[in-house]
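**Student:** Okay, handing you the structure first.
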Ligand code: MF3
Ligand code: CO
C-alpha cells in the first residue's frame, strides 16, 4: 500500500524539504575548483545543525557520510572524501536528505564546477527537464508508471540513457517508502496515484550506457562505460490541483 499523508504530515514534509532546498542552495555557492567533497560535506553538516535537522543518509544501511557527492561518471552514492578535489569542468551531484520532526526531506541537484563543456551543460539541462516532465504526470488519477514513461521517453528522445538500477521512492516517516519509482516503464500501468501521496522522483541519466557498477567502497555507482552522468531529485506532494514541489524554496 502506498501511504497517504494528512495535511498536517504534508506540512511537516514541506518544512523538511524546504530545509533541504535551502542547504542545497548554500552549497551551490561554495562549489568551485579546488574544494574537496569532504569540505562540502562538513559545510552541509554545519548547515543541517543550524537548521536543527540530522542527516537522513548517515548510517542508513551503513552509509558512512551525511551527503552523497557524485562526480562525472559517478551516478549516485559518491562518498565525500578529502582526496576528491573538484576541478574546473567537472559536474557534481549533491544528494541531500534530512530528518525533521520524524519526517524526511530528500533532493538532489547536479552542479557545474567552473566552466563545463556544452555537452555536459546539455546533459544537465535534459536531466533536470526530465525531472519536471515526470513531475507533471504526478497527478491524482494518473498511473505511477506514467511518471516513469514521461522521464524515459524524454531522456531517450535526446539520445541519453536512463539508469535502471536505482529508483525514486515514496517518503514520509521513512526515507524510502512505497512505491519504488523507476525512471523507465510502460505508460498507463502501475498503481493509481492519489491525493496525499508524497514522492521523491529522481532521474539519473548518462551520456552513454544506462549500465552501472558499484565500486569497491560498496556505494559509489559509476557508469560502466565511464560516460558522464547526472542526477536530479525533487520531493513532491500530490494535491488536489496537481503536484506541488516540496523541495523548493
Ligand atoms: N536520494 C538517494 C536515495 O533516496 C540517496 C540515498 S543515500 C543513502 O536513495 F545513503 F541513504 F542510501
Ligand atoms: Co531519494
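Computed from the coordinates by the stated procedures, all read-outs in this text should not be read as laboratory data. Just so we're clear, the structure is a prediction, and the values are computed from it rather than from any experiment. Virtual Cβ from ideal backbone geometry, glycine too; neighbours counted across all protein chains shown.
**Student:** Indicate the gyration tensor shape class of the range 103-205 (rounded, prolate or oblate), computed on the Cα atoms with a ≥ b ≥ c the square roots of the eigenvalues: a/c under 1.5 is rounded; otherwise a/b larger than b/c is prolate and the rest oblate.
**Tutor:** oblate
**Student:** Quote to one decimal, in nm, the extra length available between residue 173 and residue 25 on full extension: 0.36 nm per residue of separation minus the C-alpha distance between them.
**Tutor:** On the way: separation 148, 0.36 × 148 = 53.28 nm, distance 2.44 nm.
The span from residue 173 to residue 25 would gain 50.8 nm if fully extended.
**Student:** Determine Rg/Rh for the chain; Rg is computed over alpha-carbon atoms and Rh is the Kirkwood hydrodynamic estimate from the same atoms.
**Tutor:** Values: Rg = 16.9 Å, Rh = 17.8 Å.
That ratio equals 0.95.
**Student:** For each of 1, 239, 48, count neighbouring Cβ atoms within 10 Å of the residue's Cβ, then give the residues from fewest to most.
**Tutor:** Numbers: 1 7, 239 16, 48 23.
Placing the least packed residue first, the sequence is 1, 239, 48.
**Student:** Using a 7 Å offset from Cα along Cα-Cβ at residue 244, what residues in the range 1-28 end up with backbone N under 17 Å from the label point?
**Tutor:** Answer for this model: 4-21.
**Student:** Let me ask something additional. If you rank 238, 4, 201 by fewest surrounding Cβ atoms within 10 Å, what's the result?
**Tutor:** Numbers: 238 23, 4 13, 201 27.
So the ranking, lowest neighbour count to highest, is 4, 238, 201.
**Student:** Calculate the length of the line joining the C-alpha centroid of the range 76-117 to that of the range 210-228, in whole Å.
**Tutor:** Cα centroid of the range 76-117 versus Cα centroid of the range 210-228: 16 Å apart.
**Student:** Taking only DSSP H segments of four or more residues, each worth -39500 (n - 2.57), what value at 222 nm results for the chain once the sum is divided by all its residues, to the nearest 500 deg cm²/dmol? Walk me through the numbers before you get to the answer.
**Tutor:** Working: 4 runs with 72 residues, N = 249.
So the calculated ellipticity at 222 nm is -10000 deg cm²/dmol.
**Student:** Compute the normalised compactness of the range 16-80: alpha-carbon radius of gyration over 2.2 N^0.38 Å, N being the residue count.
**Tutor:** 1.09
**Student:** If I stretch the segment between residue 36 and residue 189 completely, what's the gain in nm (0.36 nm per residue apart, minus their alpha carbon distance), one decimal? Display every interim value, and only then the final one.
**Tutor:** Numbers: separation 153, 0.36 × 153 = 55.08 nm, distance 4.32 nm.
Here the segment from residue 36 to residue 189 would lengthen by 50.8 nm.
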